[in-house]
Structure formats: C-alpha cells, structure tokens
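> The structure is given below, and queries will be raised subsequently.
The values are calculated or read from the model by the stated rules, or taken from the named source; none is laboratory data. A quick note: this is a predicted structure, and the numbers were derived from the prediction, not measured. Here the Cβ positions follow ideal geometry from the backbone for every residue, glycine too, while neighbour counts run over all protein chains shown. Protein only, heavy atoms only, side chains kept; ligands, DNA and RNA dropped before computing areas. Shrake-Rupley method; radii C 1.70, N 1.55, O 1.52, S 1.80 Å.
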Amino acid sequence: MGRTGSGPILRALKAVRWYVASVMGDNHYQRYLTHRRATHPGEPVMTEREYWKARHDGATVTARCC
C-alpha cells in the first residue's frame, strides 16, 4: 500500500474545499487584495472590515475593478 492513490484524493478534497470557500465567500477578501495589488500597486486597499462592510452595505465591491 503506497501513497500513489492519495494524490488524486487529496487534490479532489482541496478542490472541494476551494469550491466551498468560494461559495461561502471565505476567499473574497483575499481575491480582492490580490487583484488590487496586481492592478493598482501602491494604492491603498480597504481593510477586511471595510471590505465586508462595503459589500454588505450594497456597494459594488468585487475582486475586479477593471
């Protein structure tokens, strides 16, 4: 019994975890930061608290601005 069978299972579990996190919004702020830093380097970014407040107040806050 080797570990050869655990590779696909581990990848599948990671994919499910990523999907659930995406659906639940767990990674939205991280995606926002990644995008802002890549497309608008040096500009200020919202704190996580500000991000979620703006998102729940109905403001258009997405990981993409352009």
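> Applying the selection to the range 25-55, what residues are of a type in the set (Ser, Thr, Tyr) and surrounded by 12 or more Cβ atoms within 10 Å (Cβ to Cβ)?
Of everything in the range 25-55, those that are of a type in the set (Ser, Thr, Tyr) and surrounded by 12 or more Cβ atoms within 10 Å (Cβ to Cβ) turn out to be TYR29, TYR32, THR34, TYR51.
> Another question, then. Under 6 Å by Cβ, and 6 or more places apart or on different chains, what pairs join a residue from the range 18-37 that is free of Cβ contacts under 8 Å to residues at least 24 places away in the same chain with one that is assigned to a helix (DSSP H, G or I) and open to solvent by 80 Å² or more (accessible area, probe 1.4 Å)?
Listed pairs, sorted by first residue: TYR29/GLU48.
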